[in-house]
Each structure stands twice: as structure tokens, then as C-alpha cells.
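Inspection log for the structure reproduced underneath, given as C-alpha cells.
Please treat every number below as a calculation from the coordinates, not as lab data. Computed from a prediction, not measured in an experiment: that's the story for all the values here. Counting neighbours? That spans all protein chains shown, and the Cβs are built from the backbone with ideal geometry, glycine included.
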């Protein structure tokens, strides 16, 4: 998957140099992330996913394509949350995340947008647009 993302980013850079810097480079979640981010005002998108999930892998590839091709989403902070580790956590309960393959856009403690088990580009773009609008 990393090879594909790299090739896609290089192809996008050749076709549209202004978007070359955009890429899907999510931070990995640690509990300190949650403690720090929930007190702030920045928009954070938590991507609850499992490495074994087909839907989660499809979502990650689609997010990469969307972010690389649309400059509006280049500055979004995306944090990948390992479902197997943090799925049963108090944070997941507070965000009402009940399954892997869930993306939740949060500003401070307010949930702005969410999508569950979406594997279509239209659903993910809609969620990202709602997150930016919120």
C-alpha cells in the first residue's frame, strides 16, 4: 500500500505540481493525543481502523487519493486509531464509535461529522467537506 501511495503521489505531482505537497500522512494515535486535542480548537479527524479490515484499507486508499487530488483537504489533521488497541477505550465510547472503519471529525469535544464503513469516494468527500464547514 505504501508503494501505491508513493506512486500515486508522484503521478499527481507530475500532473499538478501545486498539489504535490498534499499527501495522506496520518499521525498514529496515542492517549496523549486525545488528552491534548480535546482541549483545543483544531479540527482533527480520527480514523478508527484495523489493519485486517478490507473496508478500512479501502478507506485509507481513498483518503490518500482524495487528499492528494484536492487541495482543500491538504491541511487536515488525520489521526489513525488502531481499532484492536483502542476500540474498547473510553475515548471510543465518548465518540460513540462502535465499529472499525469509522472516521470522526472532532473540534475540541464536539463531533462535527462522521462516516461509518463508507467505501465510496462520494461519502468520504462529503464527510471531509462537512468537517471543514463545521
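A few points about this structure:
- Working from Cα pairs under 8 Å separated by at least six residues, relative contact order for segment 71-134 is 22 percent.
- Extension gain (nm, one decimal) between residue 116 and residue 61, 0.36 nm per residue minus Cα-Cα: 18.2 nm
- Likely footprinting exposure, 103, 132, fewest C-beta neighbours within 10 Å first: 132, 103
- In this structure, residue 130 and residue 35 have a Cβ-Cβ separation that, at R0 = 30 Å, corresponds to a calculated FRET efficiency of about 0.75.
- Sorting 44-51, 118-125, 76-83 by average packing, meaning the other beta carbons within 10 Å per residue, from highest down gives 44-51, 76-83, 118-125.
- Extending 7 Å from Cα along the Cβ direction at residue 27 and again at residue 98 yields two label points whose distance is 3.0 nm.
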